[in-house]
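Derivation of every value follows stated rules applied to the coordinates shown; laboratory data play no part. Bear in mind the structure is a predicted one, so any value in this text is a computation, not a measurement. Neighbour counts are summed over all protein chains in view; Cβ atoms, including those assigned to glycine, are modelled from backbone coordinates with ideal geometry.
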Amino acid sequence: MSYLYLLFAIVAELIGTSLLKASEGFSKLFPTIGLIIAFVFSFYFLSLSLKNIPLNTAYAMWSGLGLVFTTIISVLIWKEKINLASIAGILLILAGVIILNLFGPGHEETSNKANKMMTVSENDFS
């Protein structure tokens with residue numbers, strides 16, 4: 001379920017970023033309202049995903065995939081140009097996301113550490 005929340009966060013971020021462009025510097029009311037709502041949803045779903053996905057992995061996926069798909073949207077919808085250096089940089093970021101997912105910290109290990117820290121903290125105040 002956490003990866004589904006992360007997917008929702010990424011989609012909301014893509015919508016928010018596209019509306020950011022459409023708002024023309026917050027000068028258009030409806031795109032501005034839409035981008036605020038989209039980013040609130042994005043951070044909400046990102047926070048839900050962090051219950052089970054390590055922060056570095058979730059953030060790398062959220063920002064990395066957001067960058068890749070925002071670039072695609074900017075080319076297809078906004079007709080912006082992209083050069084070879086931009087493509088190379090995006091591919092390197094995408095490679096980083098893949099490496100983090102394959103070799104990053106395990107989900108159970110991080111969750112267990114967080115639970116132990118909470119238990120210690122709760123006992124300290126008793």
Problem - Centroid-to-centroid separation of the range 40-61 and the range 73-101 [C-alpha atoms, Å] - result: 21 Å
Fill in the blank from the handout: Once Lys and Arg are counted +1 and Asp and Glu -1 for all other residues with Cβ under 14 Å from that of LEU20, the total becomes -1
Exercise for the section: Give the calculated FRET efficiency between ASN83 and TYR3 to the nearest 0.05, with a Förster radius of 30 Å applied to their Cβ-Cβ distance. Expected result: 0.40
Exercise for the section: Pop the C-beta distance of SER63 and LYS28 into the FRET formula with R0 = 25 Å and round what comes out to the nearest 0.05. Expected result: 0.45
Exercise for the section: Quote the FRET efficiency, to the nearest 0.05, computed for ILE98 versus VAL40 with a Förster distance R0 of 30 Å and r equal to the Cβ-Cβ distance. Expected result: 0.55
